[in-house]
Amino acid sequence: MNTDSGCGGHLNRLDGGASGWVIQARDVRGGVHVHAPPPGVPAEPPRQLPGPGLLVDRTEAIDELDGAGAAPPGVALVTGPAGVGKTATALHWAHRRLEAFPDGQLYADLRAHAAVEHASPGDVLAGFLAGLGVAPAAIPSGLAARTALYRSLTAGRRMLVVLDDAYSAAQVTPLLPASADGVAVVTSRWRLAALLARGARAVLLRPLETDAAVELLDRMLGRDRIAAERDMAARLVELCGRSPLALSVAGARLAARPGWPLAELVGALTEETRRLAALTARDAEDDMTVRAALELSYRNLPAPARRLYRLLAVHPGHTYGSAACAALTGGPAAEAGETLEALADANLVADAPGARYRLHELTRLHALELADAQDPPSERAAALLRLVRWTAAAALAANAAAAPYRRLPEPPEAPGVPAPPSFPSAREALDWLDSESVNLSAVAARAQEAGHHEEALLIVDAAWPLFLHRGHRDLRLDLDLVGLAAARSAGDRAAEAKMLNRTGLAWRDRDRPDRAAEDFLAARDIWRELGDRPRTAGSERRLGLLELDRGDAAAARRHFRTALGVHRDGGDDRKTALCLCDLGAALLEDGHRDPAARDEAAALLTEARALLEGGDDPYNRARALVLLGRARAGAPDAEEQVTAGLAAMRELGSAAGVAGALRALGDLAARDGRDATALHRYEEARATLAAAGAPTRVLDRLIAGLRGT
């Protein structure tokens, strides 16, 4: 059943398999993931439209949509009161016109009704790109980059985009297809003047006439059942404000209970007179009608399902599985899974990818109201703490698998918390961190707000491998700032310095060297204050990375040599090897002019490789191999070494490592005069970095040099 959210909640569902660009409207939750073929290899055309559902008395609107799609700019705005059937009308028209859009159909719920936040164009674009098949590491981080890629992929295609429940023209504009043959149908409670000013055609819907509303119930419940209680059917129509969504909710309840007379439901809705009266208010009508429907579903749940439903309002993330729900309830994961299925059967939670579930926004608000009314604050606080501690334990387990060389503290004792997941490989751990990235950020932020500073710091710290290998530039800064706030709230100076190093790297990724330097220097000052020479050297090394980014290899080498001396004296082989790699990379910046610099780099990198051999840091072991291949340019095995490093980075799923290896292969090709090959490798490397949201300045210079621009 797919109608727009009149009377209180959105019942859109995406059932069955889907390929190509997929956006589940109204409640885009959690991180969105993308898998795509290489450029130029088309994915199967996306077919993401939810089913059309029931529709009555919208012939005129269908005709208007035909007219809007036939003329430039091919944008229609279906507008009207909440719950009037905007979504159903748009989807019904779309399904009737599938053959006109052989290159696919996309669907996104923009969640204008959401009380917490609307769907951002950037998040929706990530889902569109995911449906196209773009790999997780290849999704650009910024809105502008995502918009550009989306426009490139939709240009020249005969595609339909349905943008449901829009909040503003600014939210919609980046999502319009970039093709004269494409059509966009936007639904919104508001008449988006800026969109209409650009030529969109308005299709205005009003509540159903009484006869049409009764016909909708007739089609849902059967003619005989309606005929037997015609007066009650008319009364039910009026109680629902002749809103298609409210009628659909009411009809679904009755269809699930064939023994109920219509009078039973009419009586239940009449008890909600105060709420139903609010249907006349634009912003309240969905809430009131849907609340009544949700109450009916809620009352029929067994006690464990009712409790979990209320506790789901405590979860600050977008999606959740059985383990997280078990943490909320304090019970076994298997039991939580069964309870989740009961909620899904009652349509109180919606399916999400990966055996997960989510609450529609208004349903979450209903659950929150119930929790406020029925559960003591102490119980909700305990549920949140269990969730926070499970999230910390799970993130630490992922960190241990993805980066075993990082020795992080054990999670606090957590009675009633299920065991964290296990990860057989680093790649699986990274995939989990990737899929949970939005939840990690949300839970860490809520933990910090609730005063659970230790757990917030653990979650932030454990997420490091995700950012090292997969990018997530925007999320990275947000999460690291949460960690910095937690450290300061806890009065932990060492944690503050560690988080300043993290925020410095995040600012560096956002091409803000000024802010990065400020944080690195502040971290260095704290480490000096604490008398921690190795960590002071770590901040020194990061300052060297900034100088290398700026193109000042000499200044970078000074920082690296300072850090190297400290780590050699301290006997830390891994940190020594990292400094050797950095120093070798800085020497290679001058190596094309100074053979002595290249020879020194080769010696340093040979030592680094030996120090890392047999250790638990496959990323830097592969990095040392790649850099050594660059340093030994001209040697018979140089390209073989770099290629081996590239394979290792790809196995790890590290975008940064893959880009570094591709750049090295480009350097080797350029040295041998194979400019076309070099340009191809540089462009591959640049695309990899750009997709991960990492700076591309060095590669931009290399590409421009080969092109002579």
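The values are calculated or read from the model by the stated rules, or taken from the named source; none is laboratory data. This one's a predicted model, so the numbers in the text were calculated from it and none came from an experiment. Backbone-built Cβ (ideal geometry, glycine too); neighbour counts: all protein chains shown.
From the list GLY504, GLY551, GLY531, the one residue that fits, being at pLDDT 95 or above, within 24 Å of GLY142 (Cβ to Cβ) and not assigned by TED's automatic domain parsing to the domain that holds SER654, is GLY504.
Restricting GLY615, GLY673 to those that are touching an Asp or Glu at 6+ places or on another chain (Cβ under 9 Å) and part of a loop (DSSP other than H, G, I, E, B) reduces the list to GLY615.
Across region 471-501, the number of residues qualifying as crowded, with 24+ Cβ neighbours inside 10 Å and either under 24 Å from ALA135 (Cα atoms) or in contact (Cβ under 8 Å) with a residue 60 or more places away in the chain (or both) comes to 4. Is it the case, given these coordinates, that SER539 is in a helix (DSSP H, G or I), at pLDDT 95 or above, among the polar types (S, T, N, Q) and within 18 Å of TRP464 (Cβ to Cβ)? Here the answer is yes, as SER539 does meet what is asked. Of all the residues in region 437-454, those that are touching a residue at least 60 places away in the same chain (Cβ under 8 Å) and of a type in the set (S, T, N, Q) number 2.
Of the residues making up region 342-400, just one is in contact with an Asp or Glu (Cβ under 9 Å, 6 or more places away or on another chain), among the acidic types (Asp, Glu) and over 15 Å from CYS325 (Cβ atoms), namely GLU361. Only one entry in HIS360, HIS366 is at pLDDT below 80, farther than 17 Å from VAL388 by Cα and touching a His at 6+ places or on another chain (Cβ under 6 Å), namely HIS360.
Test ASP218 against the criterion of being touching a helix residue (DSSP H, G or I) at 6+ places or on another chain (Cβ under 7 Å), in a helix (DSSP H, G or I) and of a type in the set (Asp, Glu), and give yes or no. Yes; evaluated as a whole, the condition is true for this residue. Given the criteria crowded, with 23+ Cβ neighbours inside 10 Å, under 18 Å from ALA444 (Cβ atoms) and out of contact with any Cys (no Cβ under 6 Å at 6 or more places or on another chain), does GLY504 qualify? No: the conditions fail for GLY504.
Can you confirm whether GLU436 is of a type in the set (Asp, Glu), surrounded by 20 or more Cβ atoms within 10 Å (Cβ to Cβ) and out of contact with any strand residue (DSSP E or B) (no Cβ under 8 Å at 6 or more places or on another chain)?
Taking the combined requirement at face value, the residue satisfies it.
From the list ASP552, ASP582, the lone residue that is of a type in the set (D, E, K, R) and touching a Phe, Trp or Tyr at 6+ places or on another chain (Cβ under 9 Å) is ASP582. Residues in region 630-654 that are among the aliphatic types (A, V, I, L, M) and free of Cβ contacts under 8 Å to residues at least 12 places away in the same chain: ALA635, ALA647. Could you tell me whether ARG358 is of a type in the set (D, E, K, R), surrounded by 21 or more Cβ atoms within 10 Å (Cβ to Cβ) and out of contact with any Leu (no Cβ under 8 Å at 6 or more places or on another chain)? In short, yes.
Screening ALA112, ALA119, ALA166, ALA145 for residues that are assigned to a helix (DSSP H, G or I) and not basic (Lys, Arg) leaves exactly one candidate, ALA145. Restricting region 250-261 to residues that are in a helix (DSSP H, G or I) and without any contact (Cβ under 8 Å) to a residue 40 or more places away in the chain leaves a set whose member that is farthest from ALA233 (Cα to Cα) is ALA256.
Of all residues in region 504-529, those that are without any contact (Cβ under 8 Å) to a residue 12 or more places away in the chain have Cβ atoms under 6 Å from Cβ atoms of residues that are part of a helix (DSSP H, G or I) and not aromatic (Phe, Trp, Tyr), 6 or more apart or on another chain, in ARG528/THR536. Considering (1) acidic (Asp, Glu); (2) more than 16 Å from VAL124 (Cβ to Cβ); (3) assigned by TED's automatic domain parsing to the domain that holds GLU60, the lone condition that GLU264 does not fulfil carries the number (3).
Does LEU583 count as within 30 Å of SER425 (Cβ to Cβ), outside any loop (DSSP other than H, G, I, E, B), touching a helix residue (DSSP H, G or I) at 6+ places or on another chain (Cβ under 9 Å) and assigned by TED's automatic domain parsing to the domain that holds ARG535?
no
Restricting attention to region 685-700 and to residues that are of a type in the set (D, E, K, R) and at pLDDT 90 or above, the residue that is surrounded by the most Cβ atoms within 10 Å (Cβ to Cβ) turns out to be ARG686.
The residue of region 591-606 that is modelled with the lowest pLDDT, among those that are crowded, with 17+ Cβ neighbours inside 10 Å and not basic (Lys, Arg), is GLY591. Please find, within region 133-146, the residue that is nearest to ARG686 (Cα to Cα) out of those that are buried (at least 21 other Cβ atoms within 10 Å of the Cβ) and in contact with a Pro (Cβ under 7 Å, 6 or more places away or on another chain). The extreme case among them is ARG146. Within the option set ALA252, ALA233, being within 30 Å of ARG189 (Cα to Cα), of a type outside the set (D, E, K, R), in the same structural domain as LEU216 (by TED's automatic domain parsing) and within 37 Å of the chain's Cα centre (by Cα) holds for one residue only, ALA252. Looking at ALA392, ALA397, which one is modelled with pLDDT of 95 or more, in a helix (DSSP H, G or I) and surrounded by 24 or more Cβ atoms within 10 Å (Cβ to Cβ)? Criteria check complete, one pass: ALA392.
Evaluate region 586-593: report whether one residue or more is under 36 Å from the mean Cα position of the chain (by Cα) and either hydrophobic (A, V, I, L, M, F, W, C) or assigned by TED's automatic domain parsing to the domain that holds GLY565 (or both). Yes: one or more hits.
Residues in region 192-207 that are modelled with pLDDT under 90 and among the charged types (D, E, K, R): 2 in all.
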